[in-house]
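Heads up: the structure comes next, in structure tokens.
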Amino acid sequence: MKRIITPALVIASAALTACGSMGPQGATGERSMAQGPKAVAVLEPTRGNTTSGTLTFQQQGDNVMVWAKVSGLKPNQEHGMHVHEKGDCSSGDGLSTGGHFNPTGKPHGSQDADHHAGDMPALKADSYGDAVATFSLRGVSIGSGVTDLVGRGLIVHAGPDDYKTQPTGNSGARIACAVIKPA
């Protein structure tokens, strides 16, 4: 069968391709395709800081997809970000969240190596102090199991994570805090 390519077909094909490659959609950056349970974390600044934002989590098979939109970061810098044991931001400095979430007793590290459940990729701020990121987490879940992120704390740190220093990554002060809640 011979195909005839018309200008209208080329335009329609280009429009569909562009829509499919636009990346995450929505206010917090999540795609509309529902695959599994979702959770959300609304970051509030800790005392003396200005960092805020929203992260959306969605179970997709064995992984959890994360869409992050954060502002008030130090411009052009990486900021460590971790899930912490307790979903408690009441202290004002983020310390009430406890240590990193580590139910399986793994070492601190990046997503590319053996790591504990609280480890997340760093946020990279642009020249305005804003960060938008999409990434996949392995070794965690939404809504069930020992590695369930729901009810845990989420902390953004002042500095980058070195992914080596045990057990925290040496990321510095806690500049924003959230509780991960079911969506």
Residues satisfying the stated conditions in region 166-183, i.e. surrounded by fewer than 21 Cβ atoms within 10 Å (Cβ to Cβ) and on the phi > 0 side of the Ramachandran plot | ASN170, GLY172
Of residues in region 70-97 being part of a loop (DSSP other than H, G, I, E, B) and of a type in the set (Gly, Ala, Ser), the one surrounded by the most Cβ atoms within 10 Å (Cβ to Cβ) = GLY94
So which of GLY151, GLY129, GLY143 ends up being in contact with a Pro (Cβ under 8 Å, 6 or more places away or on another chain), more than 18 Å from THR51 (Cα to Cα) and surrounded by fewer than 23 Cβ atoms within 10 Å (Cβ to Cβ)?
-> GLY143
Restricting to region 104-130, what's the tally of residues that are in contact with a Gly (Cβ under 9 Å, 6 or more places away or on another chain), closer than 19 Å to VAL179 by Cα and modelled with pLDDT of 90 or more?
-> 3
Condition met for GLY153 (in contact with a strand residue (DSSP E or B) (Cβ under 9 Å, 6 or more places away or on another chain) and without any contact (Cβ under 8 Å) to a residue 40 or more places away in the chain) | no
Inter-residue pairs, beta-carbon under 9 Å, first under 18 Å from VAL146 (Cα atoms) and in region 79-101, second in a strand (DSSP E or B) and of a type in the set (Lys, Arg), 6+ apart = HIS84/ARG174; GLY87/LYS181; THR97/ARG174
Scan (1) in contact with a His (Cβ under 8 Å, 6 or more places away or on another chain); (2) more than 16 Å from VAL42 (Cβ to Cβ); (3) part of a strand (DSSP E or B) for the single condition SER136 breaks and write down its number.
-> (1)
Considering only residues of region 99-108 that are in contact with a strand residue (DSSP E or B) (Cβ under 7 Å, 6 or more places away or on another chain) and farther than 17 Å from ALA41 by Cα, which is surrounded by the most Cβ atoms within 10 Å (Cβ to Cβ)?
-> HIS108
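The values are calculated or read from the model by the stated rules, or taken from the named source; none is laboratory data. The structure presented is a predicted model; accordingly, all values stated were derived computationally and were not measured. In this analysis, Cβ positions are derived from the backbone assuming ideal geometry, glycine residues included, and neighbour counts consider all displayed protein chains.
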